[in-house]
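A short reminder: the numbers here are calculations on the coordinates, not readings from a lab. The structure presented is a predicted model; accordingly, all values stated were derived computationally and were not measured. Cβ sites come from the backbone with ideal geometry, for glycine too, and all protein chains shown count toward neighbours.
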Amino acid sequence: MGLLAHHLEQRGMDARVHSAGTIGWGGPATDHAVEILAERGIDLSEHESRRLTPAIVADADLVLGMTRDHVTGSLNHDPAARDRTFIMGEVVRLGRRIGPRRDGQSVREWCAEVAALRLPNRPPGIGGDEIADPVGEGMAVYQRTAEQLDRLCAELAALLIPDGTPAETIDIDPA
């Protein structure tokens, strides 16, 4: 989640943005991902994927997935993290309704307020919140995915760190 770290850093937040996957493979970022993000000034050359664990989910202030499956996989590790685990599009869509995080409000408190807008007894998110994983696709698909994620990450960063809000250190674990 180099894009999110980039946007948070631009707003003055010292966020520890970690990436972990819900499947068991490991390795570097794809060549397409490295190239697309390099065009945006983000270096993924040292990225190594890792498997999501219960400890990672428990420690995170915010857990993000691109799809419902990612969110479900994260919640299987820690069901108590439901109020801070979202599909990327979902947290931005619902966050717009809540508005930016207020002075003195922690990221976890803001996330709980956002999560309270979910429909009861329904899985997180709606279909339109999901972002298809571009792995195995061509460069054009990676480019469209990066553009979509870039917009969402910029908006999420603005919601988490509104103009004039003092920055803090948080942990975000995209699944």
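Which of the listed residues, Gly138, Gly12, Pro100, is farthest toward the dipole's positive end in region 2-174, when Lys, Arg count +1 and Asp, Glu count -1 at the beta-carbon?
Pro100
With the crude spin-label approximation of a point 7 Å out along Cα→Cβ, what separation in nm comes out for Val141 versus Arg16?
Distance between label points: 3.4 nm.
For His18, list long-range residues whose amide hydrogen, built 1.01 Å from N in the peptide plane, is under 5 Å from its own amide hydrogen.
Close amide H contacts, sequence-distant or interchain: Ile172, Asp173.
Pick the calculated log10 I(q)/I(0) by the Debye sum over Cα atoms at q = 0.08 Å⁻¹ for this structure from (i) -0.22; (ii) -0.39; (iii) -0.76?
Among (i) -0.22; (ii) -0.39; (iii) -0.76, the one derived from this structure is (i).
For Asp59 and Glu9, calculate 0.36 nm times their separation in residues minus their Cα-Cα distance, and state this gained length in nm to one decimal.
On the way: separation 50, 0.36 × 50 = 18.00 nm, distance 2.03 nm.
Contour length minus the Cα-Cα distance gives 16.0 nm.
Assuming R0 = 22 Å, what is the FRET efficiency of Arg151 and Arg51, from their Cβ-Cβ distance, to the nearest 0.05?
Working: r = 28 Å, r/R0 = 1.29.
Calculated transfer efficiency: 0.20.
Can you give me the distance in nm between label points at Arg102 and Ala80, each placed 7 Å from the Cα along the Cα-to-Cβ direction?
Result for the modelled spin labels: 2.6 nm.
Using the Cα centre of the chain as the reference point, and only Cβ charges (+1 on K/R, -1 on D/E), how large is the resulting charge dipole? Debye, rounded to the nearest 20. Don't skip to the answer; put the middle values down first.
Values: 18 positive and 28 negative charges, 145 e Å.
With only Lys, Arg, Asp and Glu charged at Cβ, the dipole is about 700 debye.
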